[in-house]
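Here is the structure we will look at.
The values are calculated or read from the model by the stated rules, or taken from the named source; none is laboratory data. This structure is a prediction, so every number in the text was calculated from the model and none was measured. Accessible surface areas use protein heavy atoms only, side chains included; no ligands, DNA or RNA. Shrake-Rupley method; radii C 1.70, N 1.55, O 1.52, S 1.80 Å.
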Amino acid sequence: MGEPEEEAAAGGPQRVRRRRATAGGGAVMADVARRAGVSGQTVSRVLNDHPRVRPETRERVRAAMRELGYRPTASARTLASGRSRTLGVISFDAARFGPAATLVGINEAAQEAGYLVSTIALTAADQEAVRGAVDRLLGQGADGIIAIAPQRSVGEALVEADHGRPMVTLDKSFGARFPVVAGDSASGARQATEHLLRLGHRTVRHIAGPVGWIAAEARVDGWRAALKDAGAEAHEPLFGDWSADSGHDLGRRIAHDPDVTAVFVSNDQMAVGVLRALHEAGRRVPEDVSVVGYDDIPEAAHLLPPLTTVRTDFTEIGRRCLGLMLDQLDHPDQLERTPEPGVRVTIPTELVIRESCGHLLRGSARQAQG
């Protein structure tokens, strides 16, 4: 009722449309359709880059948008496509290098694809927290969810919270229909261990990540497999919590043992702590003890000595997660089929050799060997 009165007072509908077009981007899709001489459905198709629009029509619609100052809102896009063009991301321990770099990759790829990303960073890995995060993201209208799920408990909670929306997980597929993207942690650990064995070390000690973390368990498996194949003794791993402090504490437990000449550490932050513990014990790196880390954090090349480590392209992992999500959104019929084992994309790792590793027969290591 208010709009006709405004039209009459201001001189009719043409003037109202002009006001709406110029007053802070107030034009709506119907205004664009009238200006371009097309249907509202055609405007929707242009908004969503539908291929079945002739180039000259597409340009006419876009010209009308520019003339009217039309800015499509999220709700307009949702009405046009049936999607909110928003994706939810659940992250745990987002301050660590791997999850943080993965989030960068997801956000970059989402921006290129025209999607917004809503991220919930969890501090607790319990089922209630995970279910709450899923409910919040779906309540915001997320078209799908990418879960950086590094722990088995998180994965189990995701299965419980499954609402039938597209989902992609990292490290492990917890549901039959969940695609997964993962760095090849077992292979990376094997490369690190084999490198140390080739340098002449009789065995390699391992400082592992926390129990229950999928990547940590895979790295333990790769380390054990390399030692077994070489016929080398495998001491029980020491389990840390990914922090430099835990690496330092565990490093002190082995630093004074002359039989320890090589250590593979499950991430670079813990390796930093190990390097300090060895220095405090008077053990030189790499003359007395060789050290290999994992992740290739930006600081790894600037440590003294520069750290040999296993590099994972976390940004590529994030991009591939986004790609798998878009595949599901573009083929929704796949979600209705009988569940089959989900797609698994494995990102290869690379051993980056720097100066923290050396041959066994050097310096005091020669004396320790006797």
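Overview of results
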{"quantity": "Under-5 Å amide H pairs with VAL117, H placed in peptide plane, nonlocal only", "calculated": "LEU87"}
{"quantity": "Sequence-distant residues sharing a close amide H with VAL310 (under 5 Å, placed H)", "calculated": "GLY293, TYR294, ASP295, ASP296, VAL352"}
{"quantity": "Under the Karplus curve 6.51 cos²θ - 1.76 cosθ + 1.60, θ = phi - 60°, whole-Hz ³J(HN,Hα) for region 198-215, x wherever Gly or Pro sits", "calculated": "5, 6, x, 6, 5, 8, 9, 7, 10, 9, 9, x, x, 4, x, 8, 5, 5"}
{"quantity": "Per-residue ³J(HN,Hα) for region 106-122, Karplus 6.51 cos²θ - 1.76 cosθ + 1.60, θ = phi - 60°, Hz, x for Gly and Pro", "calculated": "4, 5, 4, 5, 5, 4, 5, 8, x, 10, 9, 10, 10, 10, 10, 9, 8"}
{"quantity": "Accessible surface, 1.4 Å probe, highest first, among residues ARG165, ARG198", "calculated": "ARG198, ARG165"}
{"quantity": "Region 176-262 shape via C-alpha gyration tensor axes, a/c threshold 1.5", "calculated": "oblate"}
{"quantity": "Three-way shape label, region 188-313, alpha-carbon gyration tensor, a/c 1.5", "calculated": "rounded"}
{"quantity": "Gyration tensor verdict on region 98-244 (Cα atoms; rounded if a/c is under 1.5, prolate if a/b is larger than b/c, oblate otherwise)", "calculated": "prolate"}
{"quantity": "Cut-off under 5 Å, modelled amide H: who pairs with MET167 long-range", "calculated": "ILE145"}
